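The values are calculated or read from the model by the stated rules, or taken from the named source; none is laboratory data. Just so it is clear, the model here is predicted, and its values are computed rather than measured. Please note: Cβ atoms are built from the backbone with ideal geometry, for glycine as well, and neighbour counts cover all protein chains shown.
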Amino acid sequence: MRLRLALLLTGLTIFVSSPLSAAPPNIILIFCDDLGYGDIGCFGSEKHRTPNIDRLAAEGMKLTSFYSTCGVCTPSRSSLMTGCYPRRVNMHESARGEWVLFPLARKGLNPQETTIAEVLKTKGYATACIGKWHLGDQKEFLPTEQGFDQYFGIPYSNDMGSKQRKQNPPLPLLVDKTVIEAPVNQNTITKRYTEHAVKFITQNKDKPFFIYLPHTMPHNPVHSSKEFAGQSVNGGYGDCVEEIDWSTGEILKTLAKLNLDERTLVLFTSDNGAASRWGGSNKPLSGFKGSTMEGGMRVPCVVRWPGHIPAGSEFDQVASTIDLLPTFAELSSADAPAESHIDGRSIAEVFLGTSKKSPHEAYYYYFRDTLQAVRSGPWKLHLAKTVKPRNKPAQQIPMKLYNLEDDITEANDVAKDHPEVVKLLLAYAERARQHYGDKDQTGELQRPAGIVKEAVPLVLGK
């Protein structure tokens with residue numbers, strides 16, 4: 001029995017009534033892979049043409065302190081789906097201690113966890129996952145076992161084909177649980193995702209629907225269709241970012257054509273920051289994908305729902321992907337897991353323009369199994385740590401405190417000037433360790449991931 005049902009039976013579920021008199025909105029969640037904070041026009045990009053994404057911001061809201069929970073793919077996606085920090089659901093690293101899940105992993109998101117799709121299905125939503133999953137490639141863990149009616153996409157990152165590791169199968173494209181193409185033609189993948197999204201919207205225009213569109217791009221190796229190849233000023237990376245913008249525009253055109261604009265919430269964001277090479281930008285933030293610097297985990301986010309979200313608005317307080325599950329539950333009047341069971345909090349009032357307050361008194365930055373930083377309000381404390389560069393002696397890095405409102409680049413350590421802030425954030429850090437654990441320490445709130453006895457490769461036709 002899924003945790004959602006168990007919680008209902010034990011009375012631990014809270015019913016969240018919608019603040020809206022309107023019908024529950026359709027929800028389209030566009031989730032890019034390795035798109036940096038500075039990679040779209042409305043967040044300062046001078047290289048990429050993103051008029052459709054910029055339109056979302058102009059007609060809706062920019063969230064400028066919006067976070068993923070990790071600097072890499074699998075952990076951040078587990079949080080998006082469940083509303084939990086990765087360590088709570090034990091998806092912070094693979095069973096072999098790797099950063100993310102690789103093909104033939106025995107581990108995956110536990111089907112007993114409650115996902116956004118499952119929450120929305122209780123209110124009659126049609127649900128589709130179109131894109132990169134990366135929460136387990138075994139059939140027990142695929143999207144159709146996690147609340148999605150349909151799945152079309154690849155099960156892990158686009159660099160994880162047979163060239164990466166000899167035991168990997170050719171990179172597969174799936175419909176539901178069946179491989180229909182291997183290796184997938186990545187040049188057409190964004191276009192095909194878009195076609196499937198448009199088709200799903202059209203087929204479900206008369207009922208509420210949820211589309212989770214986790215794009216494969218701009219994760220390296222970058223690919224784009226012939227219409228976009230060589231068209232940007234930023235090489236292949238820019239080409240695929242601009243194709244993602246085109247894709248967003250096609251979705252917006254479809255909503256307008258079907259008179260669904262005012263009935264549909266569209267949210268656009270990324271799973272983590274851009275990598276240190278390959279053409280992405282996290283400006284003005286420091287750090288890149290994989291790190292707990294702002295550039296690793298603070299991501300661009302825009303949300304649009306005409307007639308509900310104030311046009312041209314901005315929210316600069318802490319919010320996160322973990323907040324989307326309870327937010328979508330509130331907006332759809334759905335049941336959601338009790339607050340004690342998840343880490344996210346609804347930001348529906350933020351979206352609607354009736355609140356300017358973050359739901360988080362503290363936010364935690366984990367690097368794999370290790371707590372590395374804590375943010376509260378404008379303050380961010382990087383905890384003391386030991387690092388071991390390759391072929392060099394271990395180095396002791398002292399804790400550092402930054403005021404992100406004054407110092408978004410994390411350049412000026414002010415720990416000595418604010419001992420009371422350091423003390424407060426250290427207390428928050430200790431609470432995180434108690435709840436979620438730390439290196440060599442188990443957290444009291446941790447739950448098991450899914451594990452299969454033997455991993456089976458995904459092969460063509462099966």
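Just one of the numbered conditions (1) in a loop (DSSP other than H, G, I, E, B); (2) more than 22 Å from the chain's Cα centre (by Cα); (3) surrounded by 12 or more Cβ atoms within 10 Å (Cβ to Cβ); (4) modelled with pLDDT of 95 or more is not true of PRO457: (4).
Cβ separations smaller than 7 Å between residues 6+ apart or across chains give the following pairs from region 65-78 residues that are under 14 Å from ASP33 (Cβ atoms) to residues that are assigned to a strand (DSSP E or B): CYS70/TYR366.
Residues considered: VAL303, VAL241. Of these, the only one that is modelled with pLDDT of 95 or more, more than 21 Å from TYR125 (Cβ to Cβ) and buried (at least 24 other Cβ atoms within 10 Å of the Cβ) is VAL241. Comparison of PRO300, PRO284 shows that the only residue that is more than 29 Å from VAL89 (Cβ to Cβ), of a type outside the set (Ser, Thr, Tyr) and part of a loop (DSSP other than H, G, I, E, B) is PRO284.
A search for C-beta distances below 6 Å between a residue of region 381-402 that is at pLDDT 80 or above and any residue that is among the β-branched types (Val, Ile, Thr) and surrounded by 10 or more Cβ atoms within 10 Å (Cβ to Cβ), counting only pairs 6+ apart in sequence or on different chains, returns LEU381/VAL374; LYS385/ILE397; LEU401/VAL414; LEU401/VAL422. Every listed requirement among (1) in contact with a helix residue (DSSP H, G or I) (Cβ under 7 Å, 6 or more places away or on another chain); (2) part of a helix (DSSP H, G or I); (3) at pLDDT below 85 is met by CYS42 save one, (3). Restricted to region 48-121, the set of helices (runs of 4 or more DSSP H) holding at least 1 residues that are surrounded by fewer than 24 Cβ atoms within 10 Å (Cβ to Cβ) and touching a Gly at 6+ places or on another chain (Cβ under 6 Å) comprises 51-58, 116-121.
Taken over region 144-156, the criterion of being touching a residue at least 40 places away in the same chain (Cβ under 8 Å) and either over 26 Å from ASN272 (Cα atoms) or surrounded by 24 or more Cβ atoms within 10 Å (Cβ to Cβ) (or both) is satisfied by GLN146, PHE148, GLY153, ILE154, PRO155, TYR156. All conditions but one from (1) without any contact (Cβ under 8 Å) to a residue 40 or more places away in the chain; (2) over 20 Å from GLY296 (Cβ atoms) apply to ARG431; the one that does not is (1).
Of the residues SER346, SER340, the single one that is surrounded by fewer than 18 Cβ atoms within 10 Å (Cβ to Cβ), assigned by TED's automatic domain parsing to the domain that holds CYS73 and either touching a helix residue (DSSP H, G or I) at 6+ places or on another chain (Cβ under 8 Å) or in a helix (DSSP H, G or I) (or both) is SER340. Considering region 261-300, the residues that are without any contact (Cβ under 8 Å) to a residue 60 or more places away in the chain and among the acidic types (Asp, Glu) include one that is surrounded by the fewest Cβ atoms within 10 Å (Cβ to Cβ), namely GLU262. Among all residues of region 191-207, there is at least one that is in a loop (DSSP other than H, G, I, E, B) and either in contact with a helix residue (DSSP H, G or I) (Cβ under 6 Å, 6 or more places away or on another chain) or without any contact (Cβ under 8 Å) to a residue 40 or more places away in the chain (or both). Determine which member of the set PRO306, PRO326 is in the same structural domain as LYS121 (by TED's automatic domain parsing), within 22 Å of ILE211 (Cα to Cα) and not in a helix (DSSP H, G or I). Selected residue: PRO306, the only one of PRO306, PRO326 that is in the same structural domain as LYS121 (by TED's automatic domain parsing), within 22 Å of ILE211 (Cα to Cα) and not in a helix (DSSP H, G or I).
Put simply, of THR254, THR248, THR292 the only residue that is under 21 Å from CYS73 (Cβ atoms), of a type outside the set (Asp, Glu) and in a helix (DSSP H, G or I) is THR248. Scanning region 196-228 for residues that are of a type in the set (Ser, Thr, Tyr) and crowded, with 17+ Cβ neighbours inside 10 Å, we see that the one that is nearest to the chain's Cα centre (by Cα) is TYR212. I'd like to know if region 352-363 contains one or more residues that are buried (at least 21 other Cβ atoms within 10 Å of the Cβ), farther than 25 Å from GLU113 by Cβ and in contact with a strand residue (DSSP E or B) (Cβ under 6 Å, 6 or more places away or on another chain). No - not one qualifying residue is present in region 352-363. Restricting to region 345-373, what's the tally of residues that are touching a residue at least 24 places away in the same chain (Cβ under 8 Å), in contact with an Asp or Glu (Cβ under 7 Å, 6 or more places away or on another chain) and either closer than 25 Å to VAL422 by Cβ or among the charged types (D, E, K, R) (or both)? Qualifying residue count, region 345-373: 5.
For the criterion of being surrounded by 15 or more Cβ atoms within 10 Å (Cβ to Cβ), at positive phi and at pLDDT 95 or above, GLY443 fails.
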